[in-house]
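Participant: Take this structure, written in structure tokens, and hold onto it; I'll ask about it next.
The values are calculated or read from the model by the stated rules, or taken from the named source; none is laboratory data. Predicted model, so just to flag it, every value in this text is computed and none were measured. Using ideal geometry, Cβ is built from the backbone for each residue, glycine included, and neighbour counts are taken over all protein chains shown. SASA here: full protein model, heavy atoms, side chains in, ligands and nucleic acids out. Shrake-Rupley method; radii C 1.70, N 1.55, O 1.52, S 1.80 Å.
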Amino acid sequence: AIAYLFNIRPKSELDQLPEIIDERGHLKQSFYICSSVLIVAVPMIGLTYENNPAATAYGAICAVLALPLACCYHIAYVKLYSAKSNMQQQSRRAATTTGSTTFSLSGGDTSDAGRNSAAAAVRMAEMYSRIGRVEETVQLVDETLGVFRKGNNGNLGNLGIHSDGRQEVASGFTTNDLKALNGDELQMIIQLLRLKGNALIKLEGPAGFAMSAQLNIDALKIFENCPAADKMKDISLIFPIYNIVGIQLKGGVIDQDDKCSLEMELAVRFCHEAQLQAYHYARSLANLAEMYGRMGILDEAFNYFNIMKAVYMKQDHPKLLISTYAVDRCAVAFASSALWYLQMGQVDNAIEGCDYVINHILPHYDEKDIIGLYHIFAQIIRVLKWNGQVDKAREAYNKFMPDAAGSHFAVKTIHKPMGLLLQIGEGSTYEYDVNNIQEDIELVLSFDMDDMTDNNFTCDGWSMKSMAAELCMLFARRLDAGNAIRERLIDRGIMMATVAQQRVKASNGMVKHILAYQANKEVHKALLLLSNEEVDINRDVIYDADKSDSNRAIIGNRKGRDSLTCDLKSTLNHMSSSALAIKFSVKDETSKSATMSHGSGSGAASAVTSRPPPLTLISTKKKSVFFSQVSSFGSSASLMKKASHSHHSHESIKEKSSSHSYESSSRLRESAIDVEGEDGAADVV
């Protein structure tokens with residue numbers, strides 16, 4: 001009964017969804033109600049027979065418990081009956097708009113039955129998505145989308161021109177398919193594409209970002225080309241697509257120019273269309289404010305932020321925003337405003353803004369919105385840590401960041417490293433336990449972040465690659481020069497800092513994220529200084545010097561050479577008869593990936609193997625790293641390709657997804673030299 005209440009059904013019954021709903025009319029409610037009555041009545045008979053004084057109390061308890069027991073299945077019936085009524089109304093509307101036949105989930109029903117099945121399947125796909133069954137979500141979405149296509153059986157891979165000459169718009173839908181849709185059906189298609197995009201990210205990881213972006217772009221194309229969209233009074237169904245496409249533009253998954261003109265065009269359209277509903281309007285205003293802040297137009301950023309504060313209702317809107325957009329970006333905007341003050345050089349106002357977030361936003365923030373929490377903390381840490389208040393940032397992080405963040409699919413990799421940085425970062429009064437240093441170094445050497453997520457955090461003031469580089473620097477300072485693990489930490493840190501440096505620059509080499517650039521620059525220079533110390537170390541030779549001298553003495557005289565030749569011949573004759581191949585073995589993938597991914601040289605010891613070399617703390621005093629406190633801010637864009645971009649009109653938004661790769665080792669060396677020679681000045685876009 002509880003399963004029916006939450007619409008959980010076996011996958012094998014998907015083909016009979018309409019019949020299942022009709023079946024709810026015969027749920028044998030009387031049987032369950034009678035069973036509940038018996039459960040209540042039989043003990044009561046025994047108790048009242050002896051005039052037990054506890055009968056009254058027991059009867060009251062049973063009466064309270066019997067109500068949900070008896071009504072649980074009945075509630076499920078009412079809920080499903082309502083779903084059936086809604087689908088009947090949709091069927092009647094579909095029958096008046098189209099007389100053609102379509103393919104249902106089973107492949108051959110009429111239009112009414114197919115669309116009835118699709119409506120129920122949409123709810124089923126939402127349920128699968130909520131409980132984490134992503135493979136079933138993708139499969140069900142693909143099958144359901146076929147209900148609305150004509151002649152391709154739901155195949156998303158058929159691109160280009162169909163055999164009958166119909167032009168495809170997106171995701172296998174032709175112009176004729178879109179003309180046959182009504183508003184409810186259009187909403188279902190966009191919802192299904194969004195569900196599939198989110199499921200692919202969870203299923204494929206970083207590889208799913210490009211696939212998700214393409215589905216979201218397809219949803220935009222379908223909405224723009226469907227005649228039913230022009231007749232809809234409420235077009236809020238497309239707002240979540242605007243939101244996620246904007247995030248993917250900022251994350252670099254979708255190409256745009258250095259001026260972020262495409263992202264700005266989308267943000268302006270979002271704000272223009274969202275004015276009819278307060279919480280949608282507040283979200284669009286926060287989006288515009290964040291964009292202007294990244295572009296360095298801080299007056300406009302504060303202008304839109306102040307309007308957003310007037311519209312945003314802290315009691316009612318957070319739940320609506322999280323339900324619709326998954327993240328409360330309006331609350332995140334309060335942390336962004338602290339960054340804007342930092343860019344203007346108003347450090348006191350920036351710290352005051354962080355205090356407001358800690359005291360008024362975080363105590364009421366939904367802990368389930370972990371991504372939003374990390375965007376808030378990335379910005380307040382960027383302000384507090386670089387201005388001597390790392391302890392305040394650590395206390396807030398430990399207080400408001402839930403433990404569930406350690407298992408969240410998007411940010412689980414940065415949960416422990418960020419907490420570790422706040423413990424050992426410069427200015428921290430936290431007493432670090434050196435007994436954990438080996439485990440923490442293994443964590444630091446294995447830490448990495450996918451490009452899209454890191455691009456989004458770079459827009460929040462600092463790259464997570466910079467965080468990894470700083471952790472490598474801090475732990476390297478705790479080890480003696482010449483230690484193999486110290487060398488690996490330095491190499492890994494330089495590699496991560498170099499990637500972060502490239503990420504904050506535009507295609508012409510100018511800085512586009514000045515705060516992130518300044519946060520990374522000092523760490524990068526400090527790592528290069530540590531690397532120079534490693535170069536000056538006198539290292540022992542792996543071969544024994546005394547044995548080498550004796551060998552040279554033997555080879556130096558004729559008798560010795562003749563004796564050595566005889567010994568060598570006898571040795572070779574002996575070895576030729578023994579098995580040699582069995583002595584070779586390839587390193588396992590764990591060891592290989594640890595050696596390669598952490599940037600160590602050939603033959604370097606691995607700190608993530610089961611028995612790493614011993615770690616020794618340095619007792620000598622090390623040089624300090626000074627971080628910039630006041631900065632200005634440049635324009636923003638994600639990491640760009642050096643390819644030309646076409647002009648994008650307001651009526652049609654067409655993008656192509658792309659992935660980014662790291663530069664070659666020679667490029668890393670050039671960037672390292674570039675940082676070492678900088679004098680603090682930087683060109684800004």
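Participant: Using a 1.4 angstrom probe with every protein chain in place, what is the largest-first accessible-area order of H317, H272?
Facilitator: Largest accessible area first, the list is H272, H317.
Participant: What residues qualify as long-range amide H neighbours of V169, i.e. H under 5 Å apart, gap of 5 or more or another chain, H built at 1.01 Å from N?
Facilitator: When sequence neighbours closer than 5 places are left aside, the close amide H contacts are T174, T175.
Participant: Work out the FRET efficiency for N303 and D355 from their Cβ-Cβ distance, taking R0 = 30 Å, and round it to the nearest 0.05.
Facilitator: The formula returns an efficiency of 0.85 here.
Participant: Where does each of 302-314, 432-444 land if you order them by average Cβ count within 10 Å, highest first? Each step should come with its number before you reach the end.
Facilitator: Details: 302-314: 17.1, 432-444: 15.5.
The densest-packed peptide leads the list: 302-314, 432-444.
Participant: Per the 1.4 Å probe, what fraction of the accessible area of segment 421-513, in percent, lies on carbon and sulfur atoms?
Facilitator: 41 percent
Participant: Also: Taking the mean number of other Cβ atoms within 10 Å as a proxy for protection, how do you rank 193-199, 532-538, 392-398, 127-133 from highest to lowest?
Facilitator: Per-residue mean Cβ counts within 10 Å order the peptides as 193-199, 392-398, 127-133, 532-538.
Participant: Another question, if that's okay. For segment 424-525, with the dipole built from +1 on Lys and Arg beta-carbon atoms and -1 on Asp and Glu ones, taken about the Cα centre, which of A519, C472, I441 lies farthest toward the positive end?
Facilitator: A519
Participant: Taking a 26 Å limit on the Cα-Cα distance, which of the listed pairs K319/K505; K202/K319; K202/K314; K259/K314; K319/K512 fall beyond it?
Facilitator: Correct reply: K319/K505; K202/K314; K259/K314; K319/K512.
Participant: Among 368-381, 282-295, 174-187, how do they line up by average Cβ neighbours within 10 Å per residue, starting with the highest?
Facilitator: The most tightly packed comes first, giving 282-295, 368-381, 174-187.
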